[in-house]
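So the structure is just underneath, and the comments pick up after that.
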Amino acid sequence: MIGLHDRFAVWRRPAAAGLLGAFLLLAGPAPAAPWSFAVAGDDRTNPNDTPDPTGINTVVFKKLLHAVAARQPRFLLITGDLVLGENKAISASLETQFTNWLYLAKTEAPDLTLLPVRGNHEIKGDPDGKLWLKYFKPLLDASRVAYFPQEEGFSYVYSAPDHPRSVFIAVDQYQPQQAHRVNLTELARALSAARSRPGARMFVFSHEMAFTCGHHGDDDNMAAFPQQRDEFVNLLAGQGCEYYFAGHDHLYDWMVIRHPQWPAGRVLNQIVAGTAGAPMYPGTNYFGDHHGFELVRKDGIVNTFGYLWVTVDEDAATNPVACAFTPL
């Protein structure tokens, strides 16, 4: 893969490179090759149907890790609900479940970079996030993410070292007294900083969706606080972020969001891929209070485990991002 410095390395070629070197000098920087990452979430076990004692749907999540790792993406975004959390259906503590998850990831996909964010099940037994920090902050530190102030270990910004133009922002929705909401002030700063990069591509991800798309109603996602939800959606669209990834509903749903007051052609794609092992949810028509936003389903699959595969062509003039759901 051609990195940023490699693309400009041609300017340092000696004269002895001959005609080929002269041609490369005239041609300028070589285009970056397209690259890919994956998205999936909700790999927890089902407490109502012979639950896996680890707190994880081990069978499905192993299969997913193997399938994703075999395709060698830059990383896998994990949109929360990694484990069941404390629940009378299993005896494992949340600390043990976190240990189980990290061991599974390390043994089944040792070379795969994982970028998780908390879901609502991670706070069942850990409301202040101390156990999350103990077990998952070292994982994030190893990828050299940049944390939001006062949200170290929870909300962060990441770019792959060889693709600095693409910026990924994880927003935690479970800070004390802030359930179903995100830190809009720091998110705005992160988006503004990302946008200042020439040719920037911005992607945001969290656990809960902005708009209801399946099982969870408006009281159990960002729609629970509609004013802040609307500010969040307008912020992403206004800063040029076109893709927002989430989980929470155990299905695949690609929603295209527009608003009559947005400039012509502006859209935000909300893509939910809570398909990594948790019990499947049925699909529905979009319901709830949309506050004037226009919601159109572009794609969707129910009752199917899998992951979202995203390919980025940073030099493409049109359609620089391609998304496709891949069943297991």
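Quick one: how many residues across the range 260-285 are among the hydroxyl-bearing types (S, T, Y) and more than 12 Å from D81 (Cβ to Cβ)?
Selection size over the range 260-285: 2.
In the range 153-170, the residues that are over 23 Å from A33 (Cα atoms) and modelled with pLDDT of 95 or more form Cβ pairs under 7 Å with partners that are assigned to a loop (DSSP other than H, G, I, E, B) and of a type in the set (D, E, K, R), at six or more places apart or across chains, as follows: F154/R118; F154/D172; S155/D172. Being surrounded by 13 or more Cβ atoms within 10 Å (Cβ to Cβ) and not basic (K, R) is a property that holds for V302.
Given the structure, is R266 modelled with pLDDT of 95 or more, more than 23 Å from R118 (Cβ to Cβ) and either among the polar types (S, T, N, Q) or assigned to a loop (DSSP other than H, G, I, E, B) (or both)? In short, yes.
Rundown of residues vs (1) assigned to a loop (DSSP other than H, G, I, E, B); (2) among the aliphatic types (A, V, I, L, M), yes/no style:
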{"residue": "A33", "(1), (2)": "yes, yes"}
{"residue": "A38", "(1), (2)": "no, yes"}
{"residue": "D42", "(1), (2)": "yes, no"}
{"residue": "N46", "(1), (2)": "yes, no"}
{"residue": "D49", "(1), (2)": "yes, no"}
{"residue": "P53", "(1), (2)": "yes, no"}
{"residue": "V59", "(1), (2)": "no, yes"}
{"residue": "K63", "(1), (2)": "no, no"}
{"residue": "P73", "(1), (2)": "yes, no"}
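Screening the candidates D315, D219 for the property of being among the acidic types (D, E), surrounded by fewer than 21 Cβ atoms within 10 Å (Cβ to Cβ) and in contact with a Pro (Cβ under 7 Å, 6 or more places away or on another chain) yields one hit, D315. Got at least one residue in the range 226-235 being buried (at least 17 other Cβ atoms within 10 Å of the Cβ) and in a loop (DSSP other than H, G, I, E, B)? Taking every residue of the range 226-235 in turn, none turns out to be buried (at least 17 other Cβ atoms within 10 Å of the Cβ) and in a loop (DSSP other than H, G, I, E, B). Scan the range 93-115 residue by residue and report those that are part of a helix (DSSP H, G or I) and not hydroxyl-bearing (S, T, Y). L94, E95, Q97, F98, N100, W101, L102, L104, A105, K106, E108 - these are the residues of the range 93-115 that are part of a helix (DSSP H, G or I) and not hydroxyl-bearing (S, T, Y). Output the number of residues of the range 152-175 satisfying the condition of being in a loop (DSSP other than H, G, I, E, B), under 22 Å from L112 (Cβ atoms) and among the aromatic types (F, W, Y). Residues flagged as in a loop (DSSP other than H, G, I, E, B), under 22 Å from L112 (Cβ atoms) and among the aromatic types (F, W, Y) within the range 152-175 amount to 1. When P138, P149 are checked against the criterion of being modelled with pLDDT of 95 or more, outside any helix (DSSP H, G or I), in the same structural domain as K88 (by TED's automatic domain parsing) and out of contact with any strand residue (DSSP E or B) (no Cβ under 9 Å at 6 or more places or on another chain), P149 stands alone in meeting it. Restricting the range 75-86 to residues that are in a loop (DSSP other than H, G, I, E, B) and in contact with a Gly (Cβ under 8 Å, 6 or more places away or on another chain) leaves a set whose member that is surrounded by the most Cβ atoms within 10 Å (Cβ to Cβ) is L82.
The values are calculated or read from the model by the stated rules, or taken from the named source; none is laboratory data. Here the structure is a predicted model, which means the values were calculated and not measured. Using ideal geometry, Cβ is built from the backbone for each residue, glycine included, and neighbour counts are taken over all protein chains shown.
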